[in-house]
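Working notes, structure below.
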Amino acid sequence: MIPSAMSATPQSRIEIDPAVVTAAGDFVVPEPLGFGRCLAPVVFLADYQDGQWGRGRLLPYGPLGLDPAAKVLHYAQVVFEGLKAYHVGGSRPMLFRPEMNWRRMNRSAARMMMPALPRDLFMDGLLAVTACSEPYIPRASGRSLYLRPALFATQPTLDPAPSTTFTFMVVASPSEALASGPLRVVVERTGARAVAGGTGDVKVSGNYGAALHATAVAAQSGFDQPLWLDAISHRYIEELSVMNFFAVVDGALHTPELNGTILPGVTRDSILALARLEGLRVHERLMDVDELLQMIRSGRCTEAFACGTAIIVGSIGLIGEHDGRLCPLPEPEGPHAGRLRERLLGIQEGREPDPFAWTHTVAPLDTSAPDRNG
Ligand code: COI
């Protein structure tokens, strides 16, 4: 099945500043591209006040007029999502499982005392930014337009209570993958990313800010990323930096079970579905890090990899400790990782059949719509 039904870009629901078309036409994508460094010249914004969402606006990219007392700056009431628009195989750009991001964003919003986003508003933002960005969505396999929807609190008061006003925005970045393997990973045995009852299983920005220190310490020791363990016993693997973790043990795929502290990744879910489809045995379970290291040394664990929207799939070359001990993976290039990455990318990029109807085709932006300015 090659892509799902075309989704109309919702001109009738949003306001489009005609300047976005000129901005998109003039835009030149730099080389080297990297991840998240080049910002698309367009932004989608919608405001929430008096208990309801206002109309979405597609505007040229530029600074926001944020009040210095806005609650997002003081109490970190902000959540985000990450997904990609691909334009490699098909004639139109395609989104990958955007509905999952919408559902997760609303779970994150509920956890942070923020209003739910209507599905139409979330999709309007993604479709309008993607359609407008069509001229510069990278066409090379592995590259894409990274989309960053975010929802944040704007009420300008310092009382530590939930905001009553919010902004939803979508910005985008033509990008390469965040990183590529083989990754050098260090076991983080002191710090913790999340505790039960906290916010580890939702995509709140604070999770990412709080993780920067361990990543910097990992880099100082010559590693790429920290491997997070549970915060209580410091034994069980949770996430790999900002990604989900997989290992291949005795030919089967193992990943930490979703226990309330791990983010349920869209890529994680897709990898599990593809692995099951190809008949691979799959185990979602508690994964003791020392047991895993032992299984790597004995050769039972042959490979490990990270997955996430930004990285796609990246193999792990070695898992080390801050005291200098290193445990190299027998298959650092990750044959399973490589195959699953290709399978997933083939679907995302519209080069391969889409057995789960995951892709969502984006219609052109019709800037001639009569009501485009409201
Ligand atoms: C993603 O893979 O989308 C992530 O959330 C990582 C991001 C922080 C770059």
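The values are calculated or read from the model by the stated rules, or taken from the named source; none is laboratory data. Note that the structure is a prediction, hence the values are computed from the model and not measured. In this analysis, Cβ positions are derived from the backbone assuming ideal geometry, glycine residues included, and neighbour counts consider all displayed protein chains.
What the table shows:
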item: Filter pass, Gly317 being part of a loop (DSSP other than H, G, I, E, B) and either in the same structural domain as Ala85 (by TED's automatic domain parsing) or away from the ligand (no atom under 16 Å from the Cβ) (or both); result: no
item: So Phe35, is it surrounded by 13 or more Cβ atoms within 10 Å (Cβ to Cβ) and within 22 Å of Leu121 (Cβ to Cβ); result: no
item: Region 70-99, subset among the charged types (D, E, K, R) and assigned to a loop (DSSP other than H, G, I, E, B), residue nearest to the ligand (Cβ to nearest atom); result: Glu81
item: Residue check for Arg193: crowded, with 24+ Cβ neighbours inside 10 Å and either under 16 Å from the mean Cα position of the chain (by Cα) or over 28 Å from Ala85 (Cα atoms) (or both); result: yes
item: One residue from Ile316, Ile312, Ile271, Ile296 being buried (at least 19 other Cβ atoms within 10 Å of the Cβ), over 30 Å from Met100 (Cβ atoms) and touching a residue at least 24 places away in the same chain (Cβ under 8 Å); result: Ile296
item: Test: residue in region 211-224 that is more than 21 Å from the chain's Cα centre (by Cα), crowded, with 19+ Cβ neighbours inside 10 Å, outside the structural domain of Ala109 (by TED's automatic domain parsing) and farther than 30 Å from Trp102 by Cβ; result: yes
item: Selection within region 225-268 - of a type in the set (Asp, Glu) and surrounded by 15 or more Cβ atoms within 10 Å (Cβ to Cβ); result: Asp230, Glu238, Glu239
item: 1 or more residues away from the ligand (no atom under 16 Å from the Cβ) and of a type in the set (Val, Ile, Thr): qualifying helices (runs of 4 or more DSSP H) within region 202-309; result: 205-220, 289-297
item: First in region 78-101 and over 14 Å from Arg139 (Cα atoms), second anywhere and of a type in the set (Asp, Glu), Cβ under 6 Å, 6 or more apart; result: Asn101/Glu81
